[in-house]
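Report on one structure; see the data block that follows.
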Amino acid sequence: MTSLNEHEIRALAIVLDAAQRGCAETPSIASDDRVRAVFDDAAAYRVQEALVNRRAMRGERVVGVVGRAGMVGRVTDAMAVDDGGAVASLSRFISPQVEPAVAYRLSATTASSLDEVSAVAVALVVTDSRYGSRLATNADAIADNASLAGFAIGEWVPAEDGELGSRSRELVGVLDRCRSHGIDLAADMIVLVADVGAQSAIVDRTANCTVDGLGTVIARFEA
């Protein structure tokens, strides 16, 4: 096998979609000897696109992207949680984790620099690997839409007042990866840059993240 065809890409997306909707672990794609040699990052982003397209067919709308651990995933309106609002019950997740993030709202259709950011806010990202505790490769995580499950954004601050500081390099890196992998962005979309190394604990079904200069955001998980 030299590459995955469209039928195989869609089949892999169906498996991941079923795992997410059914809250059930699925084996790593890369653990299949038949596809391992051709399952690179490019193939993984094709699976991710097919996976997100399945969400779109159910009426969800892509509202932005998340950059985490050197990869990019898409977020939809159905994944959004109001600050202080409730996420689904913990029982609806396989292995949920929460990561602090900074959210940027774009002011241009093809953003390529900080000059095209209109606002910034503290945020948190909920991840939930559909592989659970199974070993998974970077390509596996990309295909699984970067393990994304939800996000919450705090109060927006005009970009000229927000403290971009050292986060600017990470944002530009996410924008570069979007261009490299054909992920389209539009004005008013959001880009979240997550800090994988600073996971926030879920205590009493509540998680909160604080970013200096931007404040705090809270998400609560239903019982």
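The values are calculated or read from the model by the stated rules, or taken from the named source; none is laboratory data. Everything quoted here is computed from the prediction, not taken from an experiment. Every residue, glycine among them, receives a Cβ derived from its backbone with ideal geometry; neighbour counts consider all protein chains shown. Remember, those area values only see protein heavy atoms, side chains included, never the ligands or the DNA or RNA. Shrake-Rupley method; radii C 1.70, N 1.55, O 1.52, S 1.80 Å.
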Exercise for review: Treat each spin label as a single point 7 Å out from the Cα along the C-beta direction, and report the Asn53 to Ala11 distance in nm.
Suggested key: 1.6 nm
**Study point:** Using a Förster distance of 41 Å, the FRET efficiency for Ser133-Glu60 (Cβ separation, nearest 0.05)
**Key:** 0.90
Practice item. Evaluate the range 54-98: find the radius of gyration of its Cα atoms, find its Kirkwood radius, and give the ratio Rg to Rh. Key: 0.98
Practice item. Before anything else, pin down the relative contact order of the chain: Cα pairs under 8 Å, at least 6 apart, normalised by residue count, whole percent. Key: 28 percent
Check your understanding: If the label point is 7 Å along Cα→Cβ of Ser168, which residues in the range 116-141 have backbone nitrogen under 15 Å from it?
Key -> 116-120
Review point. Tell me, what % of the accessible area of the chain is carbon and sulfur with a 1.4 angstrom probe?
Key: 47 percent
Review point. Which of Thr216, Val75, Leu12 sits closest to the plus end of the dipole of the chain, meaning its Cα is farthest towards the positive end, when Lys and Arg get +1 and Asp and Glu get -1 on the C-beta?
Key: Leu12
Practice item. Would you please state which residues of the range 61-88 a label at Gln199 would reach in this model, taking the label point 7 Å out along Cα→Cβ and a backbone N cut-off of under 16 Å? Key: 68-70
Study note, to complete from the structure: GNM of the chain, Cα pairs under 10 angstrom: of Asp41, Asp144, Asp184, the biggest fluctuation goes to Asp184
Review point. Using modelled amide H (1.01 Å from N, peptide plane; none on Pro or chain starts), what sits under 5 Å from the amide H of Gly150, excluding residues fewer than 5 places away?
Key: Val126
Exercise for review: Treating only the Cβ atoms of Lys and Arg (+1) and Asp and Glu (-1) as charged, compute the dipole magnitude of the chain about its Cα centre; round to the nearest 20 debye.
Suggested key: 680 debye
Practice item. For the chain, find the longest principal axis of its Cα atoms and tell me its angle to the long axis of helix 168-180, 0 to 90°, nearest 10. Key: 40 degrees
Review point. Just the Cα atoms of the chain: what Rg and Dmax do they give in Å?
Key: 16.9, 53
Point to revise | Rough spin-label spacing in nm, given labels placed 7 Å along Cα→Cβ, for Thr2 and Ser31 | key: 3.1 nm
Check your understanding: With every protein chain present, what is the per residue accessible area of the chain (1.4 Å probe, Å²)?
Key -> 46 Å²
**Study point:** Most mobile listed residue (Val52, Val125, Val15) in the chain, GNM with C-alpha springs under 10 Å
**Key:** Val15
